Amino acid sequence: MAQIMKPGAILIVSAGLPRFIDENGQPYQDMNEGETGFSWLQKSFTAVYTEYLKATSPFNHVDDVAGTSWATWEHWAESNPNFEQVTTWDMDIQIGTWKPAASEEIHYAHELCQSNVLRLMESYVPLMASSAVSDEWTKRWHVEAVNEIREQKLHSYLRWRWMWCRRRDREWIPKD
């Protein structure tokens with residue numbers, strides 16, 4: 001990547017993490033139905049992300065659902081001698097309009113986030129159908145998670161992780 005960038009260029013990387021955040025800024029934990037704090041949305045995203053990692057690479061680890069790929073990006077930029085000023089931060093985007101927004105634009109962003117999460121849920125059904133998870137469970141989590149989102153039963157946020165770095169102002173250095 002650094003080789004094709006002009007010296008001084010900025011690289012910005014962003015990804016939505018497969019973990020939802022509660023009103024207090026804490027990640028929902030992967031719990032079982034009936035436990036206090038249980039969320040079908042988080043349960044389904046954990047299951048889907050785990051299946052995705054199993055299907056895409058034997059090198060992926062499913063222990064750290066929220067940070068596996070992100071840690072790789074950050075390490076990649078920091079270990080590359082062609083990048084400097086590697087900076088990361090998180091931004092939580094409210095899912096739905098359960099809390100008043102500061103502006104009409106932010107209100108619209110919250111509506112879009114809710115709509116996008118609902119669309120994303122639809123795309124997961126085929127992945128889960130091809131996994132070892134039962135069709136009955138797939139249908140149930142899908143219905144329950146969609147209801148949580150549509151009815152705004154959970155006051156939650158989707159956490160986006162951002163990283164930016166700058167291409168050093170010098171000739172490209174091959175990485176070992």
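Residue check, residue 5 against (1) in contact with a strand residue (DSSP E or B) (Cβ under 6 Å, 6 or more places away or on another chain); (2) over 29 Å from residue 98 (Cα atoms); (3) open to solvent by 40 Å² or more (accessible area, probe 1.4 Å), all met but one. Which one?
Of everything listed in (1) in contact with a strand residue (DSSP E or B) (Cβ under 6 Å, 6 or more places away or on another chain); (2) over 29 Å from residue 98 (Cα atoms); (3) open to solvent by 40 Å² or more (accessible area, probe 1.4 Å), residue 5 misses just condition (3).
Please name all residue pairs, on different chains or six or more residues apart, with Cβ atoms under 6 Å, provided the first residue is in segment 2-27 and is basic (Lys, Arg) and the second residue is in a loop (DSSP other than H, G, I, E, B).
19/66
Against the definition (open to solvent by 80 Å² or more (accessible area, probe 1.4 Å) and of a type in the set (A, V, I, L, M, F, W, C)), how does residue 137 come out, yes or no? I'd like the intermediate steps shown before the answer.
On the way: open to solvent by 80 Å² or more (accessible area, probe 1.4 Å): no; of a type in the set (A, V, I, L, M, F, W, C): yes.
Considered against the rule, which asks whether it is open to solvent by 80 Å² or more (accessible area, probe 1.4 Å) and of a type in the set (A, V, I, L, M, F, W, C), residue 137 comes out as no.
Within the set of pairs 6 or more residues apart or between chains, which connect a residue that is among the acidic types (Asp, Glu) inside segment 148-176 to a residue that is not in a loop (DSSP other than H, G, I, E, B) with Cβ atoms less than 8 Å apart?
As it stands, the answer is 148/40; 148/41, since those pairs meet every condition given.
Working carefully through the options 8, 37, find the one that is on the phi > 0 side of the Ramachandran plot, part of a loop (DSSP other than H, G, I, E, B) and modelled with pLDDT of 85 or more.
The match here is 8.
Show the residue pairs that are 6+ apart or on different chains and have beta-carbon atoms under 7 Å apart, the first residue being within segment 103-114 and more than 16 Å from residue 91 (Cβ to Cβ), the second being modelled with pLDDT under 95 and open to solvent by 40 Å² or more (accessible area, probe 1.4 Å).
Going by the 7 Å Cβ cut-off, the qualifying pairs are 107/97; 111/97.
If you scan segment 126-143, which residues turn out to be among the β-branched types (Val, Ile, Thr) and at pLDDT 80 or above? Walk me through it before giving the result.
Residues of segment 126-143 that are among the β-branched types (Val, Ile, Thr), as a first pass: 133, 138, 143.
Hits for segment 126-143 are 138, 143.
Residue 160 passes all but one of (1) open to solvent by less than 80 Å² (accessible area, probe 1.4 Å); (2) not in a helix (DSSP H, G or I); which number fails?
The one condition residue 160 does not meet is (1).
Considering only residues that are surrounded by 15 or more Cβ atoms within 10 Å (Cβ to Cβ) and either β-branched (Val, Ile, Thr) or not in a strand (DSSP E or B) (or both), which ones fall in segment 16-34?
21, 22, 28, 30
Out of (1) closer than 20 Å to residue 38 by Cβ; (2) free of Cβ contacts under 8 Å to residues at least 12 places away in the same chain; (3) open to solvent by less than 80 Å² (accessible area, probe 1.4 Å), the odd one out for residue 124 is which?
Failed condition: (2).
Considering each residue of segment 112-149, count those that are touching a helix residue (DSSP H, G or I) at 6+ places or on another chain (Cβ under 7 Å) and not aliphatic (A, V, I, L, M), and give that number.
If we filter segment 112-149 for residues that are touching a helix residue (DSSP H, G or I) at 6+ places or on another chain (Cβ under 7 Å), which is where we start, we get 114, 117-118, 121, 124-125, 127-129, 131, 133, 135, 138, 141-142, 144-146, 148-149.
Within this subset, residues satisfying the condition of being not aliphatic (A, V, I, L, M) are 114, 124, 131, 135, 138, 141-142, 144, 148.
The qualifying residues number 9.
Can you find, within segment 101-115, the residue that is surrounded by the most Cβ atoms within 10 Å (Cβ to Cβ) among those that are more than 21 Å from residue 147 (Cα to Cα) and over 20 Å from the mean Cα position of the chain (by Cα)?
The first filter runs over segment 101-115 and keeps only residues more than 21 Å from residue 147 (Cα to Cα), leaving 101-106.
Still in the running and over 20 Å from the mean Cα position of the chain (by Cα): 101-105.
Numbers: 101: 14, 102: 7, 103: 8, 104: 8, 105: 8.
Checked segment 101-115; the qualifying residue surrounded by the most Cβ atoms within 10 Å (Cβ to Cβ) is 101.
The values are calculated or read from the model by the stated rules, or taken from the named source; none is laboratory data. Just so it is clear, the model here is predicted, and its values are computed rather than measured. Note that each Cβ is placed from the backbone with ideal geometry, even for glycine, and that neighbours are counted across all protein chains shown. Ligands, DNA and RNA are stripped out before the accessible areas are found, and what is left, the full protein with its side chains, is counted by its heavy atoms. Shrake-Rupley method; radii C 1.70, N 1.55, O 1.52, S 1.80 Å.
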